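Let me begin by presenting the structure, written as structure tokens, before commenting on it.
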Amino acid sequence: MTTPHAAWILLTKELRLELRTRELLNATIVFSLIVVVLFSFAFDPTAAEARRYGPGLLWIAFLFAGSLMLNPSFAREQANDTLDALRLAPVPPFALVLGKMLANFLFLAIAECVLVPVFSILYNVSLAGIVWRLIVVLFLGDAGLVITGTVFSAVSAHARMRELLLPLLLLPILAPLLIAAVEATASLFADPPALDRTWLSVLAGFDVVFLTASWILCDYLLEE
Amino acid sequence: MSSHSPAPAIGLRFESVSKRFGTFTALRGLTLEISPGEFVALLGHNGAGKTTLLRIASQLMHPSSGAVTFVSQNGTVSPDQARRLVGLVAHSTLLYDDFSAVENLKLFARLYSLDHAEERVAQALESCGLGWRATSPVRTFSRGMRQRLALARALLHSPGLLLLDEPAAGLDRQGLAWLGTTLARLRGDGCTVIMSTHARNESLELATRAVNLSGGRIDRDSGSGGDPRPLLSSLREEA
């Protein structure tokens, strides 16, 4: 079986499981909304301030949402050792990781579909004219977040204090991605808005490097 | 379990296999050759290394040293080929509690690229007596029902090597009878079976070989082609 076919089967499994339990999406959306709403009350920002601080705030909300979502990604395979059943199947090991990555990407994208319009209203930041460019930035930023997050979720899944271990491992690694994503978003929120190709290249480079590393190291990631 | 023809039986060759977990050594230079079609009863006290041996045989775990080779009647089988031919019933059920019985089996049928998947899944459920609960979530099943479904999952792709880790756990009298019938059919089909169990399991009557582990080493082995009954009797008396 090819990697994309196996990853597709596992993606549909993840979606079905999430539809059944609604564990990840509910928690992620509610938590990230709380962050955005609380900050809007705390700072009561003007439009100029919102353009200045908004990108950082938005990506902090995405990071928290991602951390919440990524932790159970592999951990919930522990319940009946279902990861063992997947590893026994004649599918490429990378397909197991890729299926999880695609599912996490989809869940984060759904959370952002709720979060970004709320942010736009509360912070008085108009998204008119920058929607497609913002989608490009979010796509590259989210991809980096879920690629590294899924990998470290696999690494920390067997650890006793995995809830603590994942952020400890993940946050330092994500620093370059977050800086690039915030800067790229800030240039979109500026007047006039612009798509900063330098930061986009950093985001794309980060995604390619970590996706390649996870492909090379997936055998070790899934091993006990 | 299913009318589909079984995969060719495969055997195993463990050569000086050791497995260490930190300072604890679970297997100590174990050498064992299991021919295709053998039904091996793997016995020993708790912590003797039975589960570790089965996990290494299933490729879920790599040995710290030594080598494991898969063999068929036609020669060596690569680890990738062997993966398709191995079925495992472990301590855990390896099933998704939030999925129904039929969803669990369909997922694995797709992962194993099985032909006539719907038919095979329906047959497997009927055979293990869970057809009437096919659409119920596994979390609503009793321990025995989960164990039956776990075995149905392990047999869905008609494996040539079946690894069973305490398969009778949680089964009632009726379940044990079903397990015995299923194992007898597998032995008749020529499937290689390695079953870790305790000495009083009724299914041991089917074994063509008995191997007793102690402290990560082979303590006693009735040998390939030998009679396992004297060893099993002696172990029953000791138990």
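The values are calculated or read from the model by the stated rules, or taken from the named source; none is laboratory data. This structure is a prediction, so every number in the text was calculated from the model and none was measured. Here Cβ is always computed from backbone atoms with ideal geometry, including for glycine, and neighbour counts include all displayed protein chains.
Here's the yes/no breakdown for (1) farther than 30 Å from B:R146 by Cα; (2) of a type in the set (D, E, K, R):
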{"site": "A:L10", "(1), (2)": "no, no"}
{"site": "A:E14", "(1), (2)": "no, yes"}
{"site": "A:L38", "(1), (2)": "yes, no"}
{"site": "A:W59", "(1), (2)": "yes, no"}
{"site": "A:L86", "(1), (2)": "no, no"}
Which condition number does B:L107 fail, the rest of (1) touching a helix residue (DSSP H, G or I) at 6+ places or on another chain (Cβ under 9 Å); (2) more than 8 Å from chain A (Cβ to nearest Cβ) being met? (2)
Being part of a helix (DSSP H, G or I), surrounded by fewer than 18 Cβ atoms within 10 Å (Cβ to Cβ) and without any contact (Cβ under 8 Å) to a residue 24 or more places away in the chain is the filter here, so list the residues in segment A:184-212 that pass it. A:R197, A:T198, A:S201, A:G205, A:V208, A:V209, A:T212
A:L115 is checked against (1) more than 13 Å from the chain's Cα centre (by Cα); (2) within 22 Å of B:L107 (Cβ to Cβ); (3) in a helix (DSSP H, G or I) and fails just one. What number does that condition carry? (2)
Determine which single condition A:L98 fails, assuming it passes every other condition in (1) surrounded by fewer than 20 Cβ atoms within 10 Å (Cβ to Cβ); (2) closer than 18 Å to B:F108 by Cα; (3) within 17 Å of the chain's Cα centre (by Cα). (1)
Please specify each residue of segment B:17-67 satisfying the condition of being away from chain A (no Cβ under 14 Å), part of a loop (DSSP other than H, G, I, E, B) and farther than 21 Å from B:R236 by Cα. B:T23, B:S35, B:P36, B:G37, B:E38
Within segment B:208-225, how many residues are within 14 Å of B:S35 (Cα to Cα) and of a type in the set (A, V, I, L, M, F, W, C)? 2
Do any residues in segment B:6-24 that are among the hydroxyl-bearing types (S, T, Y) have Cβ atoms under 6 Å from those of residues that are surrounded by fewer than 21 Cβ atoms within 10 Å (Cβ to Cβ), where the two are at least six apart or on different chains, and which pairs are they? B:S16/B:G29; B:S16/B:T31; B:S16/B:G66; B:S18/B:R28; B:S18/B:G29; B:S18/B:S64; B:S18/B:S65; B:S18/B:G66
Out of (1) part of a helix (DSSP H, G or I); (2) farther than 30 Å from A:L88 by Cα, the odd one out for A:V125 is which? (1)
Assuming B:L130 fulfils every condition listed in (1) touching a residue at least 60 places away in the same chain (Cβ under 8 Å); (2) buried (at least 19 other Cβ atoms within 10 Å of the Cβ); (3) more than 14 Å from chain A (Cβ to nearest Cβ); (4) not acidic (D, E) apart from one, which condition is it? (1)
Identify all residues within segment B:141-162 that are more than 13 Å from chain A (Cβ to nearest Cβ) and more than 20 Å from the chain's Cα centre (by Cα); write none if there are none. B:S142
Sole exception among (1) over 18 Å from the mean Cα position of the chain (by Cα); (2) part of a loop (DSSP other than H, G, I, E, B); (3) within 27 Å of B:A26 (Cα to Cα); (4) of a type outside the set (K, R) for B:D227, by number: (3)
I'm told B:D80 meets every condition in (1) modelled with pLDDT of 90 or more; (2) part of a helix (DSSP H, G or I); (3) within 11 Å of another protein chain (Cβ to nearest Cβ) except one. Can you identify the failing condition by its number? (1)
Filter segment B:180-220 down to the residues that are in a strand (DSSP E or B) and of a type in the set (A, V, I, L, M) and list them by number. B:V193, B:I194, B:M195, B:A210, B:V211, B:L213, B:I218
If I filter segment A:7-23 for residues that are of a type in the set (S, T, N, Q) and more than 10 Å from every other protein chain (Cβ to nearest Cβ), do I get at least one hit? no
For segment A:110-120, does any single residue satisfy the condition of being touching a residue at least 12 places away in the same chain (Cβ under 8 Å) and in contact with a Lys or Arg (Cβ under 9 Å, 6 or more places away or on another chain)? no
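Would segment A:31-53 turn up any residue that is away from chain B (no Cβ under 14 Å), among the hydroxyl-bearing types (S, T, Y), surrounded by 17 or more Cβ atoms within 10 Å (Cβ to Cβ) and closer than 30 Å to B:L95 by Cβ?
Of segment A:31-53, the ones away from chain B (no Cβ under 14 Å) are A:31-53.
Next cut, among the hydroxyl-bearing types (S, T, Y) only: A:32, A:40, A:46, A:53.
This time we only want the ones that are surrounded by 17 or more Cβ atoms within 10 Å (Cβ to Cβ), so: A:32, A:40.
Now restrict to residues that are closer than 30 Å to B:L95 by Cβ: none.
No.
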Given the condition in a helix (DSSP H, G or I), within 25 Å of B:I34 (Cβ to Cβ) and of a type in the set (S, T, N, Q), answer yes or no: does some residue in segment B:168-179 qualify? no
Residue count for segment B:83-104, restricted to those that are more than 7 Å from chain A (Cβ to nearest Cβ) and either modelled with pLDDT under 90 or part of a helix (DSSP H, G or I) (or both): 6
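For every residue, the table says whether it meets (1) in contact with a Cys (Cβ under 7 Å, 6 or more places away or on another chain); (2) surrounded by 19 or more Cβ atoms within 10 Å (Cβ to Cβ); (3) under 16 Å from B:S92 (Cα atoms).
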position: B:Q147; (1), (2), (3): no, yes, yes
position: B:A152; (1), (2), (3): yes, yes, yes
position: B:S158; (1), (2), (3): no, yes, no
position: B:P167; (1), (2), (3): no, yes, yes
position: B:L176; (1), (2), (3): no, no, no
position: B:T182; (1), (2), (3): no, yes, no
position: B:R185; (1), (2), (3): no, no, no
If only one of A:L177, A:L221 is buried (at least 16 other Cβ atoms within 10 Å of the Cβ), more than 17 Å from A:M69 (Cβ to Cβ) and not hydroxyl-bearing (S, T, Y), which one is it? A:L221
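Kindly provide the set of residues from segment B:110-124 that are facing chain A (nearest Cβ under 7 Å) and among the polar types (S, T, N, Q), ordered by number. Even if it seems obvious, please write down each step before you answer.
Residues of segment B:110-124 facing chain A (nearest Cβ under 7 Å): B:110-113.
Across segment B:110-124, the qualifying residue is only B:S113.
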